[in-house]
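Contents: one structure, followed by commentary.
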Amino acid sequence: MHAVVTDPPYGLDEFAPGQIAKMDAGRGGLWRIPPTLDGVKRRPVPRFTVLTDADKARLVERFEGFGRLALRVLAPGGHLFLASNPLVSSRVFAAVEAAGFEKRGEIIRLVQTLRGGDRPKGAHDAYADVTVMPRSAWEPWGLFRKPFDGTVAACLATHGTGGLRRISDDLPFRDVIRSAPTSPRERAIVDHPSLKPQAFMREIVRASLPLGRGIVLDPFAGGGSTLAAAEALGYAAIGLERSEAYAAKARAGFAGLVALM
């Protein structure tokens, strides 16, 4: 593989079959079912704050193991783009570094979400001027590179990896990307709780292959947004997804996501 672009479960068990069944039934479990706001049904979000110290240690172990596997399949100089969230990203990114990757920075997806910003539960009126957590307005993506010998130019010549594809002759790829939330139009094509918008995915997938050729891997394919972005760009890509239901949704909605302009 020449690049890995993936949006894994940030926590540990929120995408386990039993938890997904609870979310679909509106009973919650590890998923917080927000109340309807101004007549709009808000989408569930995982309860990341319920992680115990033991859970956090297990999270680090999981992502260090993932990092070792990603190193095995990536060509030297290949980049890993890894989505996370501000509550767990420091641990996740350190674990991937511990697996042997070089951290090359973070991509900040500027996106206004409905996570956070709530008053204390059960005490909205008593503490009307208090917010328990800031309203989320960004999403961190870790950027890592597999080590290689020699120069970047030699790595590009040998493996087609080592750098990032520029936006244009005048503009390099940048680490801050403004992004709207995934639109209702896209969610109508693929109903997945973590579906990322094509506009954003196409920017980072494009950057992942510096010479515009190679294979992009998404080992947590979910609704297929990485794969659809690669297809729209003319890139080859492979996706893995353990949920048969989500894999079926990704296949059914693939052409629709690719066709989005």
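A few notes on this one:
- Of the candidates SER194, SER179, the single residue that is modelled with pLDDT under 95 and not β-branched (Val, Ile, Thr) is SER194.
- For the range 183-210, the set of residues classified as of a type in the set (A, V, I, L, M), touching a Leu at 6+ places or on another chain (Cβ under 7 Å) and over 20 Å from ALA248 (Cβ atoms) consists of VAL205, ALA207, listed by residue number.
- Answer residue from the range 200-215, given it is more than 14 Å from the chain's Cα centre (by Cα) and hydrophobic (A, V, I, L, M, F, W, C) and is surrounded by the fewest Cβ atoms within 10 Å (Cβ to Cβ) among those: LEU211
- Single residue of the range 60-119 satisfying the filter (assigned to a loop (DSSP other than H, G, I, E, B) and among the basic types (Lys, Arg)) that is surrounded by the most Cβ atoms within 10 Å (Cβ to Cβ): ARG115
- Selection within the range 171-201 - of a type in the set (A, V, I, L, M, F, W, C), touching a helix residue (DSSP H, G or I) at 6+ places or on another chain (Cβ under 9 Å) and in a loop (DSSP other than H, G, I, E, B): PHE173, ALA180, VAL190, LEU195
- When the range 135-158 is limited to residues that are in a loop (DSSP other than H, G, I, E, B) and either of a type in the set (Gly, Ala, Ser) or modelled with pLDDT of 90 or more (or both), the one that is nearest to PRO9 (Cα to Cα) turns out to be SER136.
- Picking from residues in the range 176-199 that are within 13 Å of SER225 (Cβ to Cβ) and among the aliphatic types (A, V, I, L, M), the one that is surrounded by the fewest Cβ atoms within 10 Å (Cβ to Cβ) is ALA199.
- Per-region count, the range 238-259, residues of a type in the set (A, V, I, L, M, F, W, C), under 20 Å from PRO9 (Cβ atoms) and buried (at least 17 other Cβ atoms within 10 Å of the Cβ): 2
- Within the range 120-175, if we keep just the residues that are of a type in the set (Val, Ile, Thr) and surrounded by fewer than 12 Cβ atoms within 10 Å (Cβ to Cβ), the residue that is farthest from GLU203 (Cα to Cα) turns out to be VAL130.
The values are calculated or read from the model by the stated rules, or taken from the named source; none is laboratory data. All values derive from a computational prediction rather than experimental measurement. Neighbour counts are summed over all protein chains in view; Cβ atoms, including those assigned to glycine, are modelled from backbone coordinates with ideal geometry.
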